[in-house]
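Written below as structure tokens is the structure these notes are about.
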Amino acid sequence: MVCVAAFIILCIVGIFVAFLSIFRRDIGRKYWAVFKKSWGCVGKKVRLQKCETNFKDDVKNSLLSKVVLRHPTWVRPLGVAIEVSAVLIVFITVWSLVEAIKALLALWVFGTCNVSQPANCALGAEVCGIDAAEPSNPIEWTGRWFSEWGEIFTNIPDKFRNWEVDQFLVEPYSFATEHQDGKPLALDIFDPGCTVCMQSYRNQKSSGFFSEYNTVLMVYPIQLPDGSYKFANSDLIARYVHAADLAETDFAHQIIDRLFTANNSQGINYQSAFLSMTQDAAKQTLVSWLQDFGASTAQVSQIASLAESDTVTNLMQQVKIVVEDKIHAKGIPTLIYDGRKHNGLYR
């Protein structure tokens, strides 16, 4: 194990030696001789053969040579420490390689290198993560580690499938703009409280995406493992959007558009304002919006009643199943158009 650990260290040191050898070629020649010897040892390990013991002894002797003269009694415990350190170096290196492969596969499959905490991946798309529960003990942590591998391999086929929007629609639904025959379908999944979703919506609107596609707006408030919602009042807004669709009105997309693009009288974006509102204040705001949009007293009463009904609760559960179990989204916004799934912020 010492020779394998030495090889790993020599690989890392080689980066600096390569630079130094430009100025001191003798250093490069000495290093190369040792490296070839370690590589030969590793090659034998791979073929399940024994390494040359003299290389192992050379490594240990070079490390212990000064100790032998000053503290002879330390040689044996330090020799054991070197063996233990070698095992740790090899284990850490192998573990790092496995984790790197796992992160790269997750990034390719899900658009995030962290399967359980998607927003924590600096390399992935900008998303509001659909986070898994944190493990409370080593057994749960180990189980989650293996389950993440399972999720990655299970979802690899998603990278090669043709994504058809109509396979994921939950009726009733509304479009971002008036439906026009002949234009392709797109699906926009978002959370009312997610700032990335707000920016993505604005980008879609300003770039003409909504004019190019008949974009279905699917509202999905992210639910935390304990059953609460990630963003305050996002579930309430989702209920009013679903209720407006059930009432067969044209108010659902107007609620979303005002939420993401307009400011209140204090100049604060409505999305930010909702995050600090009480639930009663949020309800009053949504009711006032419906009145602004031209809803009659009867329509306002109908939508408010539907928002608290089991019908809307069931609709939200259907959306949750579609987003998490069928689309396998790890973060939102998630867009589906042109036969592909797109993770994160629309640029």
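The values are calculated or read from the model by the stated rules, or taken from the named source; none is laboratory data. Everything numeric in this text was worked out from a predicted model, so none of it was measured. Virtual Cβ from ideal backbone geometry, glycine too; neighbours counted across all protein chains shown. Ligands, DNA and RNA are excluded from the accessible area calculation, which covers all protein heavy atoms including side chains. Shrake-Rupley method; radii C 1.70, N 1.55, O 1.52, S 1.80 Å.
Protein heavy-atom surface of the stretch 115-268, 1.4 angstrom probe: 51% of the accessible area is carbon and sulfur, with nucleic acids and ligands not counted. In summary, the convex hull built on the alpha carbon positions of the stretch 222-347 has an orientation-averaged projected area of 9.0 nm². Qualifying GluC sites (Glu not before Pro) in the stretch 238-347, where qualification requires a DSSP coil assignment and no more than 11 other C-beta atoms within 10 Å, comprise 248. For the stretch 115-221, which GluC sites (Glu not before Pro) are both in a DSSP coil and crowded by at most 10 other Cβ atoms within 10 Å? Counting only loop positions with at most 10 other Cβ atoms within 10 Å, the GluC sites (Glu not before Pro) in the stretch 115-221 are 178. Annotation for the stretch 278-347 versus the stretch 121-159: alpha-carbon center distance of 26 Å. Measuring nothing but alpha carbons in the stretch 267-328 and taking Rh as the Kirkwood radius, the Rg to Rh ratio lands at 1.07. Pairs with C-alpha atoms separated by more than 27 Å, drawn from the list 102/330; 102/205; 102/183; 183/230; 205/341; 183/283, are 102/205; 102/183; 183/230; 183/283.
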